[in-house]
Amino acid sequence: MAAEPEIFELSNGRITAKIANWGATITSLLVPDAQGDLADVVLGFDTLEPYLKGMAPYFGCIVGRVANRIKNGKFGLNGVEYSLPINNGPNSLHGGLKGFDKVVWDVVERKDGEYPSITFQYDSKDGEEGYPGDVTIRAMYSLPEATTLRLDMEAIPVNKATPISLAQHTYWNLAGHNSGSILDHSIQIWGKHITPVDENTIPTGEIMPVQDTPFDFTTERKIGDRINDVPGGYDHNYVLDLGEEKDGLKHAAKLKDTSSSRTLDLWTDAPGMQFYTANYVDGITGKGGAVYGKHAGVCLETQGFPDAINQPNFPSVVVQPGAKYKHTMLFEFSA
């Protein structure tokens, strides 16, 4: 019997996360400011019903089997052509019509105490959403330090090579989920290149320097400073190529809300990060009746590069049977 959708809680006395087995989704995350005042810094819903009804634009979930866009929903692998569901213009986005965000995961381990954690597992079948081979996916959320959330994702193809690229799609607002636009947040991104895109948001294959463009966040600046120079807003993959490592993870981004001084430092071992400013969020009623409009949150989705399966000069996202895909994200909060 498949488990029922439900919400679990992880707390260490400083931060409290609510995480659903539906899509391994973070539905709430309470984080203190400098005064110790808590705010819920992720967009989402109070109950699971809106998630189950498909009303969330990927709020808080893990997306897969392949995050981001695959051109025309097609790719070839080992001499076989695969066709995926088209769900984003002419492309296949975030695993298709029923990706990993729209299924119930099993809870395979829970730990309480000072360093609480919860581990979810999902078994994806051969042919699911058009992808080849069975894959076992695990995602462990843990609180390894007072104000740190960690996510360890891994996936093992059982019997066929397959593309795998998972992403955590939380929409952040460090002033609080109900506090309006994130355009006054500042951000620094440890990437000096992006993968520019065509009119269908598919990478052209080019690796473009951000210097002297509105995409340059190599030093901290407000998200809204030059967003009007980017048609539609930011929805771009950054190449995380600026060094600074810790425990095998690269510094990806530092996001800061000046009003509360809450800061998020994101570390990862993924090659890229989608920087997305909620350009398509349009009047969604979320937690506590808050209405989320355009730019109500910002996504920092560490990932393999978009459409990498069709782009030979991008890092490969193909995983061989028995090999292990691994992807870690460390969310360090301070104020």
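The values are calculated or read from the model by the stated rules, or taken from the named source; none is laboratory data. Keep in mind the model is a prediction, meaning the values are calculated, not measured. Because the Cβ atoms are built from the backbone with ideal geometry, glycine has one as well, and the counts that use them run over all protein chains shown. Accessible surface areas use protein heavy atoms only, side chains included; no ligands, DNA or RNA. Shrake-Rupley method; radii C 1.70, N 1.55, O 1.52, S 1.80 Å.
Over the Cα atoms of the chain, Rg to Rh with Kirkwood Rh, two decimal places?
Radius of gyration relative to Kirkwood radius: 0.94.
Could you check how much of the accessible area of region 1-70 is carbon and sulfur, as a whole percent, using a 1.4 Å probe?
Details: 1350 of 2710 Å².
Ligands and nucleic acids excluded, carbon and sulfur give 50 percent.
Rank these residues by their accessible area, most exposed first, probe 1.4 Å: Lys287, Lys222. Before the final figure, lay out the partial values.
Details: Lys287 15, Lys222 85 Å².
Of Lys287, Lys222, the descending order of accessible area is Lys222, Lys287.
In Å, what Rg and Dmax follow from the Cα atoms of region 217-335?
16.3, 49
Give or take rounding to whole Å, what are the principal axis extents of the alpha carbon atoms in region 139-217, in descending order?
Per principal axis, max minus min of the Cα coordinates gives 45, 38, 22 Å.
Determine the share of region 267-335's accessible area contributed by carbon and sulfur atoms, expressed in whole percent, with a 1.4 angstrom probe.
Numbers: 1220 of 2430 Å².
Summing carbon and sulfur atoms, their accessible area is 50 percent of the total for region 267-335.
For region 1-138, go through all pairs of different Cα atoms, get the mean of 1/r, take its inverse, and jot down that Kirkwood value in Å. Working shown, then result.
Values: mean 1/r = 0.0606 Å⁻¹.
The answer is 16.5 Å.
Bins of 10 Å, beginning at zero and ending with the bin holding the largest distance: percent of Cα pairs per bin for region 115-158, please.
28, 38, 22, 12, 1
State in Å² the accessible area per residue of region 137-199; use a 1.4 Å probe, count heavy atoms of protein chains only, and round to the nearest integer.
Working: 1890 Å² over 63 residues.
With the other protein chains kept in place, region 137-199 gives 30 Å² per residue.
With the calculation restricted to Cα positions, what are the radius of gyration and Dmax of region 240-289 in angstrom?
Radius of gyration, then largest Cα-Cα span, for region 240-289: 14.9, 42 Å.
Counting alpha carbon pairs within less than 8 Å and at least 6 residues apart, what relative contact order, in whole percent, applies to the chain?
Values: 908 pairs, mean separation 64.4, N = 335.
19 percent.
For the chain, what is the mean residue ellipticity at 222 nm derived from helices alone (per DSSP H run of n ≥ 4: -39500 (n - 2.57); sum divided by total residues; nearest 500 deg cm²/dmol)? Don't skip to the answer; put the middle values down first.
Working: 1 runs with 4 residues, N = 335.
Computed mean residue ellipticity for the chain: 0 deg cm²/dmol.
Would you mind getting me the FRET efficiency between Ser261 and Thr204? Use the beta-carbon distance for r and R0 = 41 Å, nearest 0.05. Could you put the intermediate results ahead of the total?
Numbers: r = 39 Å, r/R0 = 0.95.
Given R0 = 41 Å and the Cβ-Cβ separation, E is 0.60.
Mind checking which lysines have their Cα closer than 28 Å to the Cα of Lys74? Skip sequence neighbours fewer than 8 apart in that chain.
Lys53, Lys98, Lys102, Lys125, Lys160, Lys324, Lys326
Using only the Cα atoms, what convex hull volume per residue in Å³ does region 155-274 have?
Expressed per residue, the convex hull around the Cα atoms of region 155-274 is 148 Å³.
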